[in-house]
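Have a look at the structure below before the remarks.
The values are calculated or read from the model by the stated rules, or taken from the named source; none is laboratory data. Quantities reported herein were computed from a predicted structural model and do not represent experimental measurements. Here Cβ is always computed from backbone atoms with ideal geometry, including for glycine, and neighbour counts include all displayed protein chains.
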Amino acid sequence: MTQPVLQHICQVIYDSQIGTTIRESDYAFSIIESVHVLAITLLVGSISILDLRMLGLILREIPVTRVSRAVFPITWAGFAVMVTSGLLLFWAEAAKNYLNPAFRVKLLLLLLVGLNPLIFHTSIYRRVAEWELQHRSPWRARAAAIASLTLWSGIIVAGRAIAYF
């Protein structure tokens, strides 16, 4: 019986010299994993500031656009490092992750958390000038903020759970 194509690709990645080097190194995997966690801290921390502002829980006197302009450089830096380190971690454990249910949940949640700002920025945020000075954002903005906080929390939990499956 032949392996599914995606599983075969994961095995090839796993067996590659780079994957093997990362996996078998005394320090590489741990260092990359630490960088990944720090990048998630930057990313989720900065996104949380904007989400909590839209929920009216912090920085209520500061316009939403000002908060977003302040945090977006940090968000994008965290995102770039998180994706890079995450790909390296996957490279080292691709074959194991293919079958890992926690990894699959994490990927699904990453897809959903990526759709959330896409929908938000192409809908409610287009009219931000109408509501950004309000202490509480419109319900759709608050719903996007709650979805963001919930999805990122799920991603972090699923990421930690990968090690236990």
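Remark: pairs (first residue in the range 135-161, free of Cβ contacts under 8 Å to residues at least 24 places away in the same chain and of a type in the set (Ser, Thr, Tyr); second residue surrounded by 15 or more Cβ atoms within 10 Å (Cβ to Cβ) and assigned to a helix (DSSP H, G or I); Cβ separation under 9 Å; 6+ apart in sequence or on different chains) = 153/44. Scanning the range 135-165 for residues that are among the small types (Gly, Ala, Ser) and crowded, with 18+ Cβ neighbours inside 10 Å, we see that the one that is farthest from residue 108 (Cα to Cα) is 137. Within the set 158, 144, the sole residue that is small (Gly, Ala, Ser) and more than 20 Å from residue 42 (Cβ to Cβ) turns out to be 144.
Looking across the range 114-124 at every residue that is within 18 Å of residue 76 (Cα to Cα) and free of Cβ contacts under 8 Å to residues at least 24 places away in the same chain, the one that is nearest to the chain's Cα centre (by Cα) is identified as 114. Residues that are of a type in the set (Lys, Arg), in contact with a helix residue (DSSP H, G or I) (Cβ under 6 Å, 6 or more places away or on another chain) and farther than 20 Å from residue 159 by Cα do not occur anywhere in the range 59-73. Filtering 17, 11, 7 for residues that are without any contact (Cβ under 8 Å) to a residue 12 or more places away in the chain and either over 17 Å from residue 80 (Cβ atoms) or basic (Lys, Arg) (or both) leaves a single hit, 17. Annotation note: of 81, 64, 128, the sole residue that is over 20 Å from residue 29 (Cβ atoms), of a type outside the set (D, E, K, R), in contact with a Leu (Cβ under 9 Å, 6 or more places away or on another chain) and surrounded by 16 or more Cβ atoms within 10 Å (Cβ to Cβ) is 64. The lone criterion from (1) more than 15 Å from the chain's Cα centre (by Cα); (2) within 15 Å of residue 71 (Cβ to Cβ) left unmet by residue 27 is number (2).
The residues listed here are 43, 57, 50; of these, the one that is modelled with pLDDT of 95 or more, surrounded by fewer than 17 Cβ atoms within 10 Å (Cβ to Cβ), out of contact with any Cys (no Cβ under 6 Å at 6 or more places or on another chain) and under 30 Å from residue 146 (Cβ atoms) is 57.
A single entry from 9, 31, 18 fulfils the requirement of being outside any loop (DSSP other than H, G, I, E, B), modelled with pLDDT under 95, out of contact with any Cys (no Cβ under 6 Å at 6 or more places or on another chain) and surrounded by fewer than 18 Cβ atoms within 10 Å (Cβ to Cβ): 9.
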